[in-house]
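Below you'll find the structure, written out as structure tokens, and then a few comments.
Taken together, the values in this text are just the output of simple stated rules run on the coordinates, not laboratory data. Computed from a prediction, not measured in an experiment: that's the story for all the values here. Ideal geometry is used to build each Cβ from the backbone, glycine not excepted, and the neighbour counts take in all protein chains shown.
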Amino acid sequence: MEFSKDNLLSRRGFCLCCVGGAAYAATGGWLSPRQAYAEARGLVTLIKDSAAASPITTYKLRNNISVLEGSGGNIAVLTGADGKVMVDAGIGVSRARVAAALAALGSEPITHLINTHWHFDHADGNAWLHAAGAKIIAQNNTRKHLSGIQRVEDWDYNFLPSPAGAIPGEVFAKEHKMKLNGLSLGLKYYGPAHTDSDISVTFGEANVVHVGDIYWNGIYPFIDYSTGGSINGTIAACDATLAAVNSDTIIIPGHGKPVSNKAELQEFRDMLIGVRDNVAKLKKAGKTRDETVAAKPSAAFDAKFGQFVIDPGFFTRLVYEGV
């Protein structure tokens, strides 16, 4: 699947790229995330404004499973007699476009919503989807983070508690199983990875799995140390997924090209290990964070993964924090 330049913001990257045209024009090019924070105020508002205008693209997979792309994280939808089952909610300001995309998939009501983790680009739509009839299901830590004030240091942002209707009503610690629309759904907690709330959602008979933000297809990922994320945990989550899938499995990543496979996840995992090991050697040798960035430990992977908003320097700083 090819991605046009016009749709890069919604199709290939994390929403942090939406820092506003004025900041972009002033610098003559893409800003690194930390530069963007210095230039833009109300970053989350800017991200939401971008989502409000982004188109929603639908990819139909198999066994009545589709993926909606364009509102924050990639959204999976299973349709059938038991109603629409969604994995992730996107950003609330995309409601009209997401609702239209859902309606195009069939007339069934929205009955279930599963959050892969707590981040707003995956859970901000919880409130309207709950109002539309969805029961929200998530791991314990997702409910914890959505229920209180939560700061993300690397976004320089404090998230306020979500409204009552947006809080998951059903939570689990390790695993949760459901049978809906003729498929067995398996929800499994990864442990601390991208955050401390990440889960996978497996549609058993269809051999499809949504892995949330433990996997960013073709781009460097964000790791949220503020809520328990770690580079080693992210690698462990990738390993767990790789052990559970086969060459025919359709893997839905949290960000990036929305329809993926085992080979692409393996390449992503190998990149994480390569950068981690290079950064760890430099840190062990006494290099400061800035010296480590200057040494370009991700150089072998930058052409493939470093062409978007989590640039090589920013990703190196994230890895440095966790080794």
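Long hydrophobic helices in the chain, taken as whole DSSP H segments with a C-alpha length of 18 Å or more on their own axis and mean Kyte-Doolittle hydropathy at least -0.5: 231-244. Inter-label distance, residue 247 to residue 172: 3.1 nm, where each label sits 7 Å from its Cα along the C-beta direction. Candidates 251, 280, 231 compared by Cα position along the dipole of segment 223-310: farthest toward the positive end lies 280, with charges placed on Cβ. Comparing 233, 165, 286 in a Gaussian network model of the chain where C-alpha atoms under 10 Å apart are linked, the largest mean-square fluctuation is found at 286. Both the radius of gyration and Dmax for segment 176-240 are 12.8, 38 Å, in that order, over alpha-carbon atoms. Just so you know, the Cα atoms of the chain work out to an Rg and Dmax of 18.6, 60 Å. In segment 5-322, the DSSP beta bridges split such that about 65 percent are antiparallel, to the nearest 5. Placing pseudo-labels 7 Å out from each Cα toward the beta carbon at residue 184 and residue 299 gives an inter-label distance of 5.0 nm. Arranged from fewest to most other beta-carbon atoms within 10 Å of their beta carbon, 117, 176 become 176, 117. About its Cα centre, the dipole of segment 5-322 is roughly 80 debye, where the only charges are +1 on Lys and Arg Cβ and -1 on Asp and Glu Cβ. Calculated FRET efficiency, residue 132 to residue 263, Cβ-Cβ distance, R0 = 51 Å: about 0.85 to the nearest 0.05. Averaging the Cα positions of each part gives two centres, and for segment 156-207 and segment 253-296 these lie 26 Å apart. So if R0 is 25 Å, what FRET efficiency would residue 205 and residue 81 give, r being the distance between their Cβ atoms, rounded to the nearest 0.05? Computed FRET efficiency for residue 205 and residue 81 comes out at 0.95. Projecting the Cα positions of 89, 76, 58 onto the charge dipole of segment 55-98 (unit charges on Cβ atoms of Lys, Arg, Asp and Glu, taken about the Cα centre) puts 58 furthest along the positive direction.
As a ratio to 2.2 N^0.38 Å, the alpha-carbon radius of gyration computed for segment 215-323 takes the value 1.05.
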